[in-house]
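Note sheet for the following structure.
The values are calculated or read from the model by the stated rules, or taken from the named source; none is laboratory data. Just so we're clear, the structure is a prediction, and the values are computed from it rather than from any experiment. Cβ sites come from the backbone with ideal geometry, for glycine too, and all protein chains shown count toward neighbours.
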């Protein structure tokens with residue numbers, strides 16, 4: 001009995017000794033899957049929840065790491081900014097000028113030359129001509145911020161300055177915020193790519209590719225915003241409006257300014273109406289006083305004057321006796 005049982009036990013031991021070598025990798029993989037499933041359940045990432053099934057674990061892990069990395073980058077950026085010196089100010093400068101010139105061509109050449117010499121360029125240019133022959137031009141110049149004041153001085157010297165409007169907008173907070181978000185988003189994209197390199201299941205790869213596409217799109221939007229801010233801060237925008245009147249237009253305007261018969265008639269009529277208006281104003285101002293004086297005169301004549309004692313009439317002296325009539329002269333006998 002003993003001789004028959006020992007080989008069987010040895011065989012069993014040999015079999016049992018060889019089985020763990022095949023079960024050990026499966027147990028390790030199962031444990032890793034459980035750990036990933038637990039991490040996915042705790043993260044609650046929206047991109048991982050949409051994937052579902054086995055693909056939820058890598059997607060949730062990417063979302064958890066991305067969110068943690070973004071928060072860490074923001075907090076780190078805030079702490080770093082507090083510890084280090086403040087970021088340089090970022091100011092967007094814009095200006096608009098309206099100038100009346102005698103020669104439009106020379107003024108435009110001066111504006112273009114000023115922009116090129118300052119290291120800038122002409123962004124837009126539009127010229128039109130009116131019916132009377134006068135020309136109007138609008139040109140947009142982009143010049144470096146450090147040459148902003150110098151270019152404005154040159155443009156004002158092209159003619160008679162009619163209007164000037166300048167504006168400065170501080171965008172330092174926007175620049176700092178966008179730079180921090182770009183760094184965080186780049187780190188998030190890099191983490192998702194690392195997860196893709198370690199993914200083995202097709203569902204995991206699909207979920208991570210979707211998450212990577214969303215994050216790369218967000219990164220591109222942030223980069224575009226960053227480039228726009230950099231362009232606006234580095235280059236000031238100057239809008240120059242030029243107006244020119246030709247000789248014919250000036251003659252027409254001068255002829256229109258010369259007075260004629262109708263102009264004189266209209267001017268005289270206007271003066272006549274103005275005089276009537278002033279007379280009416282004077283009469284209106286004196287009317288209350290005239291009414292009071294008239295009422296007082298009526299009361300005096302009808303009520304007060306009759307009651308006053310009359311003065312006796314002065315006695316008349318008797319008439320002086322007249323002279324006797326003289327006798328007619330005597331006639332002689334001859335007559």
Single match in 168, 115 (criterion: in contact with a strand residue (DSSP E or B) (Cβ under 9 Å, 6 or more places away or on another chain), assigned to a strand (DSSP E or B) and not assigned by TED's automatic domain parsing to the domain that holds residue 226): 168
Any hit, segment 212-226, residues being within 30 Å of residue 150 (Cβ to Cβ), surrounded by 13 or more Cβ atoms within 10 Å (Cβ to Cβ) and either modelled with pLDDT under 85 or out of contact with any helix residue (DSSP H, G or I) (no Cβ under 6 Å at 6 or more places or on another chain) (or both): no
Residues of segment 128-147 satisfying the condition of being at pLDDT below 90 and surrounded by 14 or more Cβ atoms within 10 Å (Cβ to Cβ): 133, 134, 135
Residue that is nearest to the chain's Cα centre (by Cα), among those in segment 242-271 that are modelled with pLDDT of 90 or more and buried (at least 16 other Cβ atoms within 10 Å of the Cβ): 242
